[in-house]
1. Look through the stretch 86-114, keep the residues that are crowded, with 17+ Cβ neighbours inside 10 Å, of a type in the set (A, V, I, L, M) and more than 10 Å from the ligand (Cβ to nearest atom), and return whichever of them is farthest from residue 159 (Cα to Cα).
2. So, restricting to strands (runs of 3 or more DSSP E) that lie completely within the stretch 123-217, which ones have at least 2 residues that are hydrophobic (A, V, I, L, M, F, W, C)?
3. Inspect all residues belonging to the stretch 50-62 and state whether any of them is crowded, with 16+ Cβ neighbours inside 10 Å, over 30 Å from residue 113 (Cα atoms) and either among the β-branched types (Val, Ile, Thr) or modelled with pLDDT of 95 or more (or both).
4. Please state which one of 183, 162 is buried (at least 17 other Cβ atoms within 10 Å of the Cβ), closer than 22 Å to residue 28 by Cα and within 16 Å of the ligand (Cβ to nearest atom).
5. Residue 144 fails exactly one of the following numbered conditions: (1) touching a residue at least 60 places away in the same chain (Cβ under 8 Å); (2) away from the ligand (no atom under 16 Å from the Cβ). What is the number of that condition?
6. Scan (1) surrounded by 14 or more Cβ atoms within 10 Å (Cβ to Cβ); (2) assigned to a helix (DSSP H, G or I); (3) hydrophobic (A, V, I, L, M, F, W, C); (4) free of Cβ contacts under 8 Å to residues at least 40 places away in the same chain for the single condition residue 117 breaks and write down its number.
7. Can residue 33 be described as acidic (Asp, Glu), within 18 Å of residue 157 (Cα to Cα) and in a helix (DSSP H, G or I)?
Amino acid sequence: MADSAHGEGFHPLDFQRLERTQMLERAQEFRRDLECRRSVRFFSYEPIPEGILDECIRAAASAPSGANRQPWTFAVVRDAALKREIRLAAEEEERETYDHRLTDEWRAALEPLGTNWEKPFIEHAPALIVIFRQAWGQGEEGERETNYYTQESVGIAAGFLLAALHRAGLGTLTHTPSPMGFLAQILGRPENEKAFLLIPVGYPTADCEVPNIGRKTLDEVRIEY
Ligand code: IYR
């Protein structure tokens with residue numbers, strides 16, 4: 001590192017420069033693939049081949065984060081008894097949500113998705129990945145270290161994870177039972193870890209259906225200056 005412009009602690013960027021045609025091809029291929037991702041609510045029991053989830057979690061954990069604190073923990077739950085416990089706890093909260101907590105406006109917004117308090121997919125999916133956000137860090141001696149932009153950091157990592165799982169050929173659901181405190185409790189996570197997202201992962205059932213909903217067009221989402 002003797003000739004680093006920024007001195008010690010820096011090294012040259014490993015960057016691959018592409019021709020325009022290759023840029024477009026890669027951008028298009030990625031876009032087309034991601035556009036095919038849909039939230040799946042019907043999972044087969046079929047197990048996920050060995051090693052796939054770890055690769056996807058590695059991809060997620062490469063996300064940028066505030067001050068590079070990497071304030072995330074990915075809990076992989078395959079144990080049937082734990083999945084059942086999580087389903088029952090989620091359904092208890094969701095029953096309360098659907099019966100009492102949702103506003104009429106919110107209820108109407110969910111109508112096209114056909115969701116309700118029942119969450120069988122939590123048990124059917126061969127794996128759950130629960131992403132925890134580390135609201136603060138634990139230093140060498142257990143002292144509190146401030147983490148930065150943890151919501152944004154973990155949100156970006158979650159996006160990486162969903163894209164990686166999709167590209168690996170797996171179905172996913174972004175499930176946010178609310179409140180989610182039961183997840184840290186059931187999984188015995190430390191006090192600094194807050195459940196961020198519950199992602200059932202696996203193969204969709206052969207007869208899996210998804211709601212007929214569309215996406216906004218480029219013109220609806222992009223403003224050019
Ligand atoms: N968390 C509930 C309700 C729900 C809320 C939104 I916003 C959705 O996009 C979908 C569902 C549930 O999981 O059913």
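The values are calculated or read from the model by the stated rules, or taken from the named source; none is laboratory data. Every value quoted in this text rests on a predicted model; they were computed, and no experiment measured them. In this analysis, Cβ positions are derived from the backbone assuming ideal geometry, glycine residues included, and neighbour counts consider all displayed protein chains.
1. Across the stretch 86-114, the extreme among qualifying residues is 89.
2. 127-134, 193-202
3. Taking the stretch 50-62 first, the residues crowded, with 16+ Cβ neighbours inside 10 Å are 52-53, 56-57, 59-60.
Those still in the list that are over 30 Å from residue 113 (Cα atoms) too: none.
No, the stretch 50-62 contains no residue that is crowded, with 16+ Cβ neighbours inside 10 Å, over 30 Å from residue 113 (Cα atoms) and either among the β-branched types (Val, Ile, Thr) or modelled with pLDDT of 95 or more (or both).
4. Details: 183 fails: closer than 22 Å to residue 28 by Cα.
Of 183, 162, the one residue that is buried (at least 17 other Cβ atoms within 10 Å of the Cβ), closer than 22 Å to residue 28 by Cα and within 16 Å of the ligand (Cβ to nearest atom) is 162.
5. (1)
6. Residue 117 satisfies all of (1) surrounded by 14 or more Cβ atoms within 10 Å (Cβ to Cβ); (2) assigned to a helix (DSSP H, G or I); (3) hydrophobic (A, V, I, L, M, F, W, C); (4) free of Cβ contacts under 8 Å to residues at least 40 places away in the same chain except (2).
7. Details: acidic (Asp, Glu): yes; within 18 Å of residue 157 (Cα to Cα): no; in a helix (DSSP H, G or I): yes.
The answer is no for residue 33.
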